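**Q** Before anything else, here's the structure in question.
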């Protein structure tokens, strides 16, 4: 068949204009490098309270980017992500307190434990879709919290447990505000880097295809079971590593705080607002929410939660596809109106 | 019933005696109902098998059974002499069996070219690099008449172009067997002939083709053999002219009253 027999294809005039000023391939990498350098430079400008706040922001950047691998790229909304966070944390606690191991050993082991756990529960759970998957993972996280609370000999139970981090008994000395600042900045950078590498490679295409239509992906040769399980395990490994670092930073940890469902909710909100399934979206979403939240906390302490909630609702209504995807759509169609965006995605 | 226009394609009559895909006793039960039962078919290189049947006859279920999207309750599927009964869809795709979906399934978040590139990256002979896969995708798009449309999102394609994309995604697998589930549905009359010509060209390239279609004239024009499904079973099978003049086929499509009022 000749190409000219395609009336609809030729009826639309010449080819779409070559994208003007198409962004060069090195730009995202350069932007990432600049962001990390800025983070390093910022450190010297902060006093210790601010340094801890910014460290927490980095933690959420990393958590959001990790959730995005399974929830954003793959489209499996995991509502039990905090389970991997807590699992990483308590693995580290047990290894350091009972095993006397260095944090630098416990840290990678915690990531591996979370990944293996995710792969094992993923085989049955990733056969579920949509709400069923969300509720099942939520149940797993709650179950883990109950488990941790009920084996106090190992975990300290509800009363909490303290990692020895000073003096001769400490397997590893506490890293200090400066040390944890660098640790979490590094975790955020590595998580974003892994997202970028996955996004550009074959695996990224497989995950996006699964997200859009799993049957079609399988028909095109994508081993959907393997791709989904891989995404889930990598996401869990990163989340476990973050939880591990958080446990050491906090020194004393409690199951209620380590398995707090609000942590999962924050990750999801950050990803959705920033742009799920993109590399930059979770990073910008986490930074944006953290900055707005902190501003409101300082200037409108009484109205903080209410105002933040209203802003999140407004953002989800006006930018249902997230900030990064909105900008991408708007650049392509040259239409920056929020109303026509709502029309495109909501109506 | 009028004689179908056009004759079955000449040439390639000697092609492919050994079937590349064969089913035996293939069946699938949903609850107490067999949607498909006891279907034996063989697809040969360079040959087109048309499958027709009224709505609900089990045509799409048959494709889903062969492609691995449904597991058969009974029977077997062999590809290239190997048993693929109950295999997952990607294993069957890796064996060289490509399919389209009756309801088009574009990856909406990817551009048209990236949609096709996925098949090039994960097919039987996978291309490792996304950039190389996109170049192959552009060639396939050119072939199905979507040249130059690679950069747009699938949502901006017309119905006919969405069907072309569906076909391009199947072709990018470089398959041996092509299962086409109503690729002509929704096309305007002027768009049908080029599409048929393309399908016939693929057959001449040596693919084994299975075409499901409602438009009987269209299917008769390009099929070497036609299989009629009715209530999930094979009503009859044979050369198009013979099958389409079969009284039982007319009855299956139009009902008893039509045949009684118009005794042939």
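Every read-out reported here was derived from the displayed coordinates using simple, explicitly stated rules and does not represent laboratory data. Keep in mind it's a predicted model, so treat the numbers as computed, not measured. All Cβ positions, even for glycine, are placed from backbone atoms using ideal geometry, and neighbour counts span all protein chains on display.
**Q** Against the longest alpha carbon principal axis of chain B, how many degrees, from 0 to 90 and to the nearest 10, is the axis of helix B:159-171 turned?
**A** It is inclined by approximately 80 degrees.
**Q** Report, to one decimal in Å, the Kirkwood hydrodynamic radius for segment A:104-221 based on all distinct Cα pairs. Please report the intermediate quantities before stating the final value.
**A** Details: mean 1/r = 0.0551 Å⁻¹.
When all Cα pairs of segment A:104-221 are included, the Kirkwood radius is 18.2 Å.
**Q** For the pair residue B:82 and residue A:135, how long in nm is the line joining their label points, each one 7 Å along Cα→Cβ?
**A** 4.0
**Q** Next question, about the same structure. For helix B:112-122, report the angle its Cα long axis makes with the longest principal axis of the Cα atoms of chain B; keep it between 0 and 90° and round to the nearest 10°.
**A** Its long axis makes an angle of about 90 degrees.
**Q** Got a sec? How would A:104, A:174, A:67 order by Cβ neighbour count within 10 Å, fewest to most? Before the final figure, lay out the partial values.
**A** Working: A:104 9, A:174 16, A:67 27.
Least crowded to most crowded, the residues run A:104, A:174, A:67.
**Q** Return P(r) of segment A:61-111 (all Cα-Cα pairs; 10 Å bins starting at 0; whole %; ordered from short to long distances).
**A** Binned Cα distances yield the sequence 26, 40, 25, 10.
**Q** Further question: Compute the FRET efficiency between residue A:343 and residue A:200 as 1/(1 + (r/R0)^6), taking r as their Cβ-Cβ distance and R0 = 22 Å, and round to the nearest 0.05. Spell out each step's value before the answer.
**A** Details: r = 32 Å, r/R0 = 1.44.
Efficiency for this residue pair is about 0.10.
**Q** How high is the relative contact order of segment B:97-175, in percent, counting Cα pairs under 8 Å that sit 6 or more residues apart?
**A** Values: 117 pairs, mean separation 36.2, N = 79.
This gives 46 percent for segment B:97-175.
**Q** Another question about this same structure. What whole number of Å gives the distance from the Cα centroid of segment A:321-347 to the Cα centroid of segment A:259-301?
**A** Centre-to-centre distance over Cα atoms comes out at 20 Å.
**Q** Averaged over its residues, how many other protein chain Cβ atoms are within 10 Å of peptide B:121-128's Cβ atoms? All intermediate terms of the calculation are to be shown ahead of the outcome.
**A** Values: counts 9, 11, 3, 1, 0, 2, 1, 2.
Counting Cβ atoms of other protein chains within 10 Å of each residue's Cβ and averaging gives 4.
**Q** log₁₀ I(q)/I(0) of segment B:118-264 at q = 0.11, 0.12, 0.13, 0.18 Å⁻¹, via Debye over equal Cα point scatterers, no solvent, to two decimals?
**A** Computed log10 I(q)/I(0) values: -0.52, -0.61, -0.69, -1.08.
**Q** Next up: Could you tell me how many degrees, from 0 to 90 and to the nearest 10, lie between the Cα long axis of helix A:176-200 and the main elongation axis, the longest principal axis, of the Cα atoms of chain A?
**A** 30
**Q** Run the numbers on segment A:46-259 and let me know its relative contact order in percent, using alpha-carbon pairs under 8 Å that are six or more apart. It would help to have the intermediate numbers written out before the result.
**A** Values: 339 pairs, mean separation 93.7, N = 214.
Result for segment A:46-259 is 44 percent.
**Q** From the gyration tensor of the Cα coordinates in the protein assembly as shown, what semi-axes in whole Å does the equivalent ellipsoid have, largest first, with each one equal to sqrt(5λ)? Mind dumping the intermediate values first?
**A** Working: eigenvalues 603, 149, 84 Å².
Ellipsoid semi-axes (Å, largest first): 55, 27, 21.
**Q** Within 10 Å of each Cβ in peptide A:205-211, how many partner chain Cβ atoms are there on average? Round it to a whole number, please.
**A** 5
**Q** Sorting B:178, A:230 on the 10 Å Cβ count, fewest up front, what's the list? Mind dumping the intermediate values first?
**A** Details: B:178 25, A:230 22.
In order of increasing Cβ crowding within 10 Å: A:230, B:178.
**Q** Would you please state the base-10 log of I(q)/I(0) at q = 0.16 1/Å for segment A:46-259, with intensities from the Debye formula using one equal scatterer on every alpha carbon?
**A** Result of the Debye calculation: -1.02.
**Q** Could you give the nm distance between label points at residue A:43 and residue A:23, where each point is 7 Å from its Cα heading toward the beta carbon?
**A** 2.7
**Q** Rule-of-thumb check for segment B:119-206: C-alpha Rg over 2.2 N^0.38 Å? Don't skip to the answer; put the middle values down first.
**A** Details: Rg = 13.0 Å, N = 88, 2.2 N^0.38 = 12.1 Å.
Here the answer is 1.08, to two decimals.
**Q** Rank these for me by crowding, A:90, A:345, going from fewest to most other beta carbons within 10 Å. Kindly include the intermediate steps, with their values, before the conclusion.
**A** Details: A:90 28, A:345 15.
In order of increasing Cβ crowding within 10 Å: A:345, A:90.
**Q** Follow-up question, since we're still on this one. Please give the per residue volume of the convex hull enclosing the alpha carbon atoms of chain B, rounded to a whole number of Å³.
**A** Details: hull volume 34.6 nm³, N = 264.
Each residue corresponds to 131 Å³ of Cα convex hull volume.
**Q** Per-residue ellipticity at 222 nm for chain A, helices alone: DSSP H runs ≥ 4 residues times -39500 (n - 2.57), over residue total, nearest 500 deg cm²/dmol?
**A** Taking each H run of at least 4 residues, the total per residue is -23000 deg cm²/dmol.
**Q** With each pseudo-label sitting 7 Å past Cα toward Cβ, what's the residue A:150-residue B:233 distance in nm, one decimal?
**A** In this crude spin-label approximation the distance works out to 5.5 nm.
**Q** Ok, one more. Determine one quarter of the surface area of the Cα convex hull of segment A:204-306, which equals its mean projected area, and express it in nm² to one decimal. Could you put the intermediate results ahead of the total?
**A** Numbers: hull surface 34.3 nm².
One quarter of the hull surface, i.e. the mean projection, equals 8.6 nm².
**Q** Kindly work out what percent of the DSSP beta bridges joining two residues of the protein assembly as shown are antiparallel, to the nearest 5. Before the final figure, lay out the partial values.
**A** Numbers: 21 of 37 bridges.
Roughly 55 percent of the beta bridges in the protein assembly as shown run antiparallel, per DSSP.
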